[in-house]
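*Asks:* Below are the structure tokens for one structure; questions will follow.
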Amino acid sequence: MTLRKKIRGWLFKAANAVSLIATGVNLTDLRLGTFLAGGPTYSGKMVSVDTAMQLDTVWACTRLISDTIGAMPLKLYQRSEDGNSSTLARDHPLYRVLYNAPNSDMTGMEFWSAMVACLMLWGNAFAQVIWNDVGTKRVIALYPLRPDRMTVTRDSDSGMLIYTYTYQGQTLTLEESEILHIKGYCLDGMMGMSPISAGRQQMGSAMAAEETASRMFANGLLSQTYIKSPDWLDDTKVMRAKEILNEYRGAVNAGKTPLLEGGWTVESIGMNPEDAQLLQTRAFNVETLCRWFGVAPVMIGHMSKSTAWGSGLEQMNLWFLTYTLQAWLVRIEQAITRCLLLPTEKETYFAQHNVDALLRADSQARTQLEAAQVQNGIKTRNEIREKEGLAPIPGGDIATVQAQMIPLTDVGKAGVLPNVQPITGSAPAPPPQPNGTIGDPDDD
């Protein structure tokens, strides 16, 4: 890094620091975290959310988790009085907000994908909660807010959290009841930790490796060589030599053989890409960055040591659901209960993701599971048809078991013959007795 670049970088950081101090900043301000995370790393690279997203691994991990969770149906359920069962709370206004349209500008997929992306990058996700002003207090809309523009403080008198949002010179102050705050992995229970900030050293190394590879291609893979002249050159000869070398610069001219005159020779200096193990370093960086997001490298197309096809696909999806997505799903569901439900509703209503949607691609496994659920009385036929997007059928709301598919209420009853009509007319003659007589053997 040249001295001019260093001075420019420090001036940029100093200007940001002055701006932060002028607007009032505390240790929980996410802008301060972004400022600190943007400092120089061991590799000399400046790491921030914007620069980290230029790495394909960070982009792929963020997109994979956010789009997968965004595509999962998130619905509101109501518990029964005994707490043993639950049904969809379609009549509750929050059901539409969570599942269909959180606001007038976004679909459910777009909203939750953006919220989870903020969790992946900043460790926190915020949304402004809009409550209705007429009748019963209900949530009618959710609007996402950028975490890097949010300041969180705690009021010393009431102990409540105060959220201050700054955007385009405007400041919006929101109370705790007006914010949906989903926190990532944290140590204080107040603010989540940013993977970009915590892993900036590894991300800086990955950025340096990508820049090295790009510059080598830009220079035609000749960055480790030099041209040796037999004598001193005047300014005219130096300019002429540069013009000749420019004809062989760049990836387009890679492979051309330069013509050297006047006793000039080509010498090697430093290490070549193979000695520096540049390719192995870039591959190792993929695995390192995946650890920060809890994603198996094969899930983002890094298949150097494994494959994503065949019989292991279902187990890979199960691993992804259990060890990567499950914690994020629980964080979102519990944040909804904490922030969007009234105190009187928290014991009756709850939000839950339908994780079955993750396995919908495996039609054979899904069919076997649904058949087993129907045959063992776990679900009714209409429940399965509803999940598959089919209309209900008459009699499909009765739970059945495989023993002749009789209703569960009739299990254990002997001699149950439904719809058996009595026999009318003359009775048939009794069978012949062993002695060949007809009638009662006791009749003499």
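Every number in this text was worked out from the coordinates using simple rules, so none of it is lab data. In this text the structure is predicted, and so the values were computed from the model without any measurement. Here the Cβ positions follow ideal geometry from the backbone for every residue, glycine too, while neighbour counts run over all protein chains shown.
*Asks:* Stretched out fully, how many nm does the piece from Ile140 to Glu81 gain, at 0.36 nm a residue minus the Cα gap? List each step's numbers first, then the result.
*Replies:* Details: separation 59, 0.36 × 59 = 21.24 nm, distance 2.63 nm.
Result: 18.6 nm gained on full extension.
*Asks:* Tell me, what HN-Hα J-couplings in whole Hz come from the Karplus equation 6.51 cos²θ - 1.76 cosθ + 1.60 at θ = phi - 60° for each residue of the stretch 190-206, using x for Gly and Pro?
*Replies:* Once θ is set to phi - 60°, the couplings for the stretch 190-206 become 10, 9, x, 8, 7, x, 5, 6, 5, x, 5, 5, 5, 5, x, 5, 5 Hz.
*Asks:* Once you place label points 7 Å from the Cα toward the Cβ at Val330 and Asn246, how far apart are they in nm?
*Replies:* 6.3 nm
*Asks:* Where does each of 280-293, 60-73, 146-159 land if you order them by average Cβ count within 10 Å, highest first?
*Replies:* Result, highest mean Cβ count within 10 Å first: 60-73, 280-293, 146-159.
*Asks:* Long-range amide H contacts for Arg138: which residues qualify at under 5 Å (H placed 1.01 Å from N, peptide plane, sequence gap of 5 or more or a different chain)?
*Replies:* Here the answer is Asn132, since their amide H atoms fall under 5 Å of that of Arg138.
*Asks:* On to the next question. Ranked highest first by average number of other Cβ atoms within 10 Å, how do 76-86, 345-355, 170-180, 115-125 line up?
*Replies:* In descending order of packing, they fall as 115-125, 345-355, 170-180, 76-86.
*Asks:* Which FRET efficiency value, to the nearest 0.05, do you get for Arg90 and Thr212 by plugging their Cβ-Cβ distance into 1/(1 + (r/R0)^6) with R0 = 60 Å? Don't skip to the end; give the middle numbers.
*Replies:* Values: r = 57 Å, r/R0 = 0.94.
Efficiency at R0 = 60 Å is approximately 0.60.
*Asks:* Given Lys183/Lys379; Lys346/Lys387; Lys75/Lys379; Lys183/Lys387; Lys75/Lys137, which pairs have Cα atoms separated by over 24 Å?
*Replies:* Among Lys183/Lys379; Lys346/Lys387; Lys75/Lys379; Lys183/Lys387; Lys75/Lys137, the Cα-Cα distance tops 24 Å for Lys183/Lys379; Lys346/Lys387; Lys183/Lys387.
*Asks:* Multiplying the sequence separation of Val355 and Asp67 by 0.36 nm and subtracting their Cα-Cα distance, what value in nm do you get?
*Replies:* 102.3 nm
*Asks:* For the stretch 79-147, what is the convex hull (Cα atoms) projected area averaged across all directions, in square nanometres?
*Replies:* 6.3 nm²
*Asks:* Still on this structure, please answer the following. What per residue convex hull volume, in Å³, comes out for the stretch 39-155 when only alpha-carbon positions are used? Let's see the in-between values first.
*Replies:* Values: hull volume 22.3 nm³, N = 117.
Looking at the stretch 39-155, the number lands at 191 Å³ per residue.
*Asks:* If you don't mind, another one. Given H placed on each backbone N at 1.01 Å, which residues far from Tyr185 in sequence or on other chains put an amide H within less than 5 Å of it?
*Replies:* Answer set, sorted by chain and number: Met193.
*Asks:* Quick one: if the Förster radius is 51 Å, what FRET efficiency do Met109 and Ser229 give, using the C-beta to C-beta distance and rounding to 0.05?
*Replies:* The value I calculate is 0.20.
*Asks:* Under 20 Å from a point 7 Å along the Cα-to-Cβ line of Phe284: which residues of the stretch 178-208 have their amide N that close?
*Replies:* Answer for the stretch 178-208: 199-208.
*Asks:* Applying a 10 Å radius around every beta-carbon, put 230-239, 367-376 in order of their mean neighbour count, most first. Numbers along the way, then the final one.
*Replies:* Numbers: 230-239: 9.2, 367-376: 14.2.
Top to bottom by mean Cβ count within 10 Å: 367-376, 230-239.
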